[in-house]
Amino acid sequence: TELKKAPDEAYVAVLADFHTGSKLFLEKEFKKFLSWIKGQTGSPEQKRIAQKIKYIFLIGDLVSGVGIHPRQENDLAIKDIYEQFQKITELLKEIPNNIPIIICPGNHDPGRISEPQPPIPEEYASELYKMKNVIMVSNPAMINIHASENFPGFNILMYHGYSFDEYASQIPIIRANGGYDRGDLIMKFVLQRRHLAPSHTSTLHIPDPEQDPLVIQTIPDFFFTGHLHRLSIANYRSVTMVCASCWEDKTEFQEKTGHNPEPCRVPIINLQTRKIKVMRF
């Protein structure tokens, strides 16, 4: 199938897994991204691209959370959930307010962990809700962007990826070819099955007798996920798949379980050509 392309030059940035509040949150590196998105650093071409960023997608785990796992307090630099959100809000406010920021929750964010997850509760992120360029959505969510009178826009499927742990370790062809390092294989697996959690035990869910919200009913143009802390980019039958990088250094848990995060990598998607550049911060 021919790829759908935008009529004008425009770019999208995809980020995930900040884990603000963690002792390993890479704030210095994230500030380099902020400096670039404001047009303050980079080559002339990189500055030109920064001016044409039209959308930023944040695919969950804005904060590290509190009480997510036993003895988590030992890993936290900020041990209050409200202060964690205050910190990430201060940073996101540096993004030019003409760029929409679309945010879905992850398993470390407060609120219901069972999927589908509602948007991050305003109780915790009241200052984020006050930002005019922030759009809070559920997890998963299907978003249409860049539509115009003569162009239908792009359908973006956002899903943090909590079910992906199951498939990285339990599906032989994925496990044998890299497991957690191969977000592209996991994304292809769920797309082929038209379901974000095709095995019953892969994620906590809210059963609905009328409709299963984890079914992929509309074929997306882009599929954005996170959770694995490692950038992965691929294309499956005209669906551009991006598993976003993270902004947290390698944790002790990841060391024990063989995870190999690649932090501070930001894919920049040209909507006119569907080509992707990766910027390392």
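The values are calculated or read from the model by the stated rules, or taken from the named source; none is laboratory data. The structure displayed is predicted, hence computed values, not measured ones. Cβ coordinates were reconstructed from backbone atoms using ideal geometry, including for glycine residues, and neighbour counts include every protein chain displayed. Accessible surface areas use protein heavy atoms only, side chains included; no ligands, DNA or RNA. Shrake-Rupley method; radii C 1.70, N 1.55, O 1.52, S 1.80 Å.
The table that follows gives values for the structure above.
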quantity: Calculated FRET value between T218 and E73, using beta carbons and R₀ = 41 Å, to 0.05; calculated: 0.50
quantity: Dipole-positive endmost among T251, A176, A197 within segment 111-261 (Cβ charges, Cα centre); calculated: A176
quantity: Value of relative contact order over segment 22-119, rounded to a whole percent, pairs C-alpha under 8 Å and six or more apart; calculated: 35 percent
quantity: Share, in percent, of DSSP beta bridges within the chain that are antiparallel, nearest 5; calculated: 50 percent
quantity: Helical mean residue ellipticity (222 nm; -39500 (n - 2.57) per DSSP H run of 4+; nearest 500) of the chain; calculated: -6000 deg cm²/dmol
quantity: Entries in K38/K256; K5/K87; K132/K250; K52/K188 that, when Cα-Cα distance is taken, lie over 32 Å; calculated: K38/K256; K5/K87; K132/K250
quantity: Per residue, in Å², the accessible surface of the chain once ligands and nucleic acids are set aside, probe 1.4 Å; calculated: 47 Å²
quantity: Percent RCO, i.e. relative contact order, over the chain, from Cα pairs under 8 Å lying at least 6 residues apart; calculated: 23 percent
quantity: Contour minus Cα-Cα distance for Y129 and K277 (0.36 nm per residue); calculated: 50.3 nm
quantity: Carbon and sulfur %, accessible surface of the chain computed with the full protein complex present, 1.4 Å; calculated: 48 percent
quantity: Radius ratio Rg over Rh of the chain, counting only Cα atoms, Kirkwood formula for Rh; calculated: 0.94
quantity: Q46-N235 pseudo-label distance in nm [points 7 Å out on the Cα-to-Cβ vector]; calculated: 2.6 nm
quantity: Cut-off 12 Å (backbone N to label point 7 Å along Cα→Cβ of N150), residues of segment 1-23; calculated: 7-8
quantity: Top positive-direction residue, dipole computed over the chain with Cβ charges, set C264, S43, T225; calculated: S43
quantity: Dipole in debye (nearest 20) - the chain, about Cα centre, beta carbon charges: Lys, Arg +1; Asp, Glu -1; calculated: 1060 debye
